[in-house]
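Contents: one structure, followed by commentary.
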Amino acid sequence: MAVYTDASLFVIILLSPILFVANLVLRKARETGTKPWHPADKVVLITGASSGIGESLAYTFSRAGSSVILAARRKDELDRVAQKCTALGAKDVLVVPTDVASEADAKNLIKKTGERYGKLDCLILNAGVSMGETFDTLKNLDIIKKLIDVNYMGCVNVTFHALPLLKRSPKSRIVVNSSLAGIAGVPYRTGYSASKFAVRGFFEALRADLWDKDIHITMIYPGVVVSSINKTRLGDQPFDLNMKGAMTSEECARIMFEATCNGTKEVVFTAKGKLVRLLEASFPELTFFLINRMARKMLKT
């Protein structure tokens, strides 16, 4: 057995340069994508559309002539966004107040979409909530459950009910707004990271399930973005983040829009984020050091 193990290790070391290049080629193919997609006249559903990245996405697709379905909990904010979408050139706008953590709400959202349009070309899963507390100081698990319900089950709920509509449209899209915290664990965000790891695993498996269907899945891994999610963190350890150099929600939306149109399979934001993605499997200790250092440097002292 030892001889077999040693021989296997020798073969892996010998082939490692080839494997490294092959992996880079395949990763580049994933990032490049193969199915151009034109947003004009498409039906696009955006969760978390009342503020931040979701709001910016709504305006970006409206300018491109899409019909947009706006989903979030706050109807007054959705109505405000809807008015601007119409002014910017959206072909049509549908507002559906929705709590994605509720399967009944998710089912109703897709029902109203089907009744209005009869199809769905693009589902953008953007709704989410973050946290700001170390796990050892939590008084109970309510925050963790909330994060799983919104960030993970929210995506599952909407996707489950949307798939029949998505199958009616050629080259339909599912765009998932995840996080670098779904690639490497981040301090003060155990529950958030866990929910985003779950999202990543679910949609990578779903991509395999749908490999012979004409449904394309794009995973988005932003870094720090100026949005309301950083103001509504769950937890009893309030802290301010150093937002110097943080990406605006408009810039994030532009990148997500381009990735959607180009059929890009994965987008990792920032040079540091790409470095973490590259190192995570082969150099876990270095990855842990880098992500921990970057996260703690962002805390204002």
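What to note about this one:
- Conditions (1) touching a residue at least 60 places away in the same chain (Cβ under 8 Å); (2) buried (at least 18 other Cβ atoms within 10 Å of the Cβ); (3) among the hydroxyl-bearing types (Ser, Thr, Tyr): number failed by residue 137: (2)
- Answer from 145, 119 - the residue that is of a type in the set (Lys, Arg) and in a loop (DSSP other than H, G, I, E, B): 119
- Residues (closer than 21 Å to residue 178 by Cα and either at pLDDT below 95 or surrounded by fewer than 20 Cβ atoms within 10 Å (Cβ to Cβ) (or both)) located in region 61-77: 73
- Scanning region 169-209 for residues that are at pLDDT 90 or above, of a type in the set (A, V, I, L, M) and within 22 Å of residue 257 (Cα to Cα) gives 174, 175, 176, 199, 206.
- Of all the listed residues (82, 58), the sole one being without any contact (Cβ under 8 Å) to a residue 40 or more places away in the chain, crowded, with 24+ Cβ neighbours inside 10 Å and in a helix (DSSP H, G or I) is 58.
- Residues being in a helix (DSSP H, G or I), out of contact with any strand residue (DSSP E or B) (no Cβ under 8 Å at 6 or more places or on another chain) and within 17 Å of residue 268 (Cβ to Cβ) - total across region 172-205: 5
- Residues located in region 151-185, provided they are under 17 Å from residue 220 (Cα atoms) and of a type in the set (A, V, I, L, M, F, W, C): 155, 156, 174, 175, 176, 180, 181, 183, 184
The values are calculated or read from the model by the stated rules, or taken from the named source; none is laboratory data. On a predicted model such as this, the values are computed, not experimentally measured, just so you know. A quick note on method: Cβ atoms are made from the backbone with ideal geometry, for glycine too, and the neighbour counts reach across all protein chains shown.
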